[in-house]
1. So which of 300, 348 ends up being open to solvent by 10 Å² or more (accessible area, probe 1.4 Å), in a helix (DSSP H, G or I) and either in contact with a strand residue (DSSP E or B) (Cβ under 6 Å, 6 or more places away or on another chain) or among the aliphatic types (A, V, I, L, M) (or both)?
2. So, of the residues in the range 318-333 that are in contact (Cβ under 8 Å) with a residue 24 or more places away in the chain and in a loop (DSSP other than H, G, I, E, B), which turns out to be most open to solvent (accessible area, probe 1.4 Å)?
3. All but one of (1) among the β-branched types (Val, Ile, Thr); (2) more than 26 Å from residue 126 (Cα to Cα); (3) surrounded by 22 or more Cβ atoms within 10 Å (Cβ to Cβ) hold for residue 237, so report the exception by its number.
4. In the range 153-196, which residue that is in contact with a Lys or Arg (Cβ under 7 Å, 6 or more places away or on another chain) and not hydrophobic (A, V, I, L, M, F, W, C) is surrounded by the most Cβ atoms within 10 Å (Cβ to Cβ)?
5. Exactly one of (1) outside any loop (DSSP other than H, G, I, E, B); (2) among the small types (Gly, Ala, Ser); (3) open to solvent by 30 Å² or more (accessible area, probe 1.4 Å); (4) more than 30 Å from residue 312 (Cβ to Cβ) is unmet by residue 354. Its number?
6. Looking at residue 448 and the list (1) in contact with a strand residue (DSSP E or B) (Cβ under 8 Å, 6 or more places away or on another chain); (2) modelled with pLDDT under 95; (3) open to solvent by less than 50 Å² (accessible area, probe 1.4 Å), which single condition is not satisfied?
7. If the requirement is being at pLDDT 95 or above, in a loop (DSSP other than H, G, I, E, B) and either surrounded by fewer than 16 Cβ atoms within 10 Å (Cβ to Cβ) or aromatic (Phe, Trp, Tyr) (or both), which of these qualifies: 371, 407?
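The values are calculated or read from the model by the stated rules, or taken from the named source; none is laboratory data. If you're wondering where the values come from, they're calculated on a predicted model, not measured in any experiment. Here Cβ is always computed from backbone atoms with ideal geometry, including for glycine, and neighbour counts include all displayed protein chains. Just the protein is used for accessible areas: all its heavy atoms, side chains included, with ligands, DNA and RNA removed. Shrake-Rupley method; radii C 1.70, N 1.55, O 1.52, S 1.80 Å.
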Amino acid sequence: VASRRSAMKGTALSIPDERLQAGWDAVRARMHVFDDGDRFSPGTFLYHEHWFRDSAFLSLGFENLGRGDLVEPKMDLLRTRQKRDGLFRSQTGEWDCNGQAIWTLGLHVRRGGRPELAATHLRSVLRGVDWIVRQRRATQRERSPHQGLLPAGFSAEHFGPNDHYFWDNFWSIAGMEEAVWLARLAGNAQESDRIAEEVADYRADLESAIAWATERGGGLPSSPYRRMDAASIGNLVALSPLGVVGADAAWVAPTLAHLAANNLRDGMFFQSIVHTGLNPYLSVQLARARLVVGDADGAMEILQALVRAASPTWCWPEAIHPRTGGGCMGDGDHGWAAAEFVSLLREMLVRETSEGLELLSGVPRGWLEAPAGIRLGHATTRFGTLRFSVGSGNGGVVLEWALDRAPHQDSGNLAVSVPDRDGRRTIKILPSPSGRIRLDDDGRTSSENP
């Protein structure tokens, strides 16, 4: 009973798609099975342990469910899982953990968590940053394509054998950028400025490695020493959710094109390295990137494929056998996959950008005109807590919204992406933190007092 009551807290979402609505409700109601109080675990059987990598995506899922209260207790792992040298350790040889641990703390505080957490955990954050810096210093002395990147490691094991993965470095930069913000929030401008300088130096080295790796074809392989293959999917985290590169980065479009041409099967991403099978959470990484580049239809195709692949109880294994449709890798109810399903659905309704929030960027026109309408309540974002509704009224489609921002949260634009009947989208900056506006049939907005 307590679990059912807890599941009703947080973000309220209502959409005019019965199947997707059922999926949201079911997954939200059972996400507590991945919550062990002091940590998130990505499975209830084989994977009943903690990894910073899985926990980052689970934390994002819980934040997207409006349950940051369940994320805060996991921040104590920043102290208990950190080694003397500053490494946040999940397993030896995984170098993505430091970026993920710091990014998760930053995500929580930005999404409305207590700002005092920045000062509480600043010592651990700074030690984690210094570990990254020391590892980079070692490779900066090497005249090689990986100069200035992290050492070779196996990182996310679905990439393959040890290598200098861009994934590790994208996560590290994202974590260090959060550390810049957290240090300033904690009142330590000196450390904030120091880390910002390190980030700028890191980005220069990373850009050199990317330029070398993309000379041969345009798309970005998983490391400077690999050709394009299924592991390249990992690079898309840089686009979203990390936002350390923009949609206009030269490697983004050719990477998306390669993955679409070579790795899609039955609407989902087929991972051919180690985790061989249709992979739900990697499919979401591709869908999320499509949203960022403006391909809402492509993102929806993947979301609908996930719906078709779900079990009757709305579970996904880590990998799905393409012939049997059953699980062939990991836990049968995989927490990372479940978290990514709810994250993708929520991000189609409201998506964070570098400028602010964009509403409805993944929503088809039919949803706007459906009698049931769309409602989203208590949606926590780094720009504030949002609620909005879309419904038919007064001869048109009406959007009503309100955004409440805490003093420590970022300020930014609030925009709506309005699809017309031909699927073309118009981005309109909304005039205030709250209001009411009509969305016209041609994709434009009109009177603020419909």
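1. Numbers: 348 fails: open to solvent by 10 Å² or more (accessible area, probe 1.4 Å).
Matching residue, one of 300, 348: 300.
2. Checked the range 318-333; the qualifying residue most open to solvent (accessible area, probe 1.4 Å) is 321.
3. All conditions are met except number (2).
4. Pass one, the range 153-196, residues in contact with a Lys or Arg (Cβ under 7 Å, 6 or more places away or on another chain): 156, 163, 173, 192.
Retained after the next criterion (residues that are not hydrophobic (A, V, I, L, M, F, W, C)): 163, 192.
On the way: 163: 21, 192: 17.
Residue satisfying both the conditions and the ranking: 163.
5. All conditions pass for residue 354, except number (1).
6. Answer for residue 448: the failing condition is (3).
7. Working: 371 fails: at pLDDT 95 or above.
Selected residue: 407, the only one of 371, 407 that is at pLDDT 95 or above, in a loop (DSSP other than H, G, I, E, B) and either surrounded by fewer than 16 Cβ atoms within 10 Å (Cβ to Cβ) or aromatic (Phe, Trp, Tyr) (or both).
Matching residues to (1) more than 17 Å from residue 157 (Cβ to Cβ); (2) open to solvent by 30 Å² or more (accessible area, probe 1.4 Å); (3) touching a residue at least 12 places away in the same chain (Cβ under 8 Å):
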| site | (1), (2), (3) |
| --- | --- |
| 250 | yes, yes, yes |
| 256 | yes, no, yes |
| 265 | yes, yes, yes |
| 271 | no, no, yes |
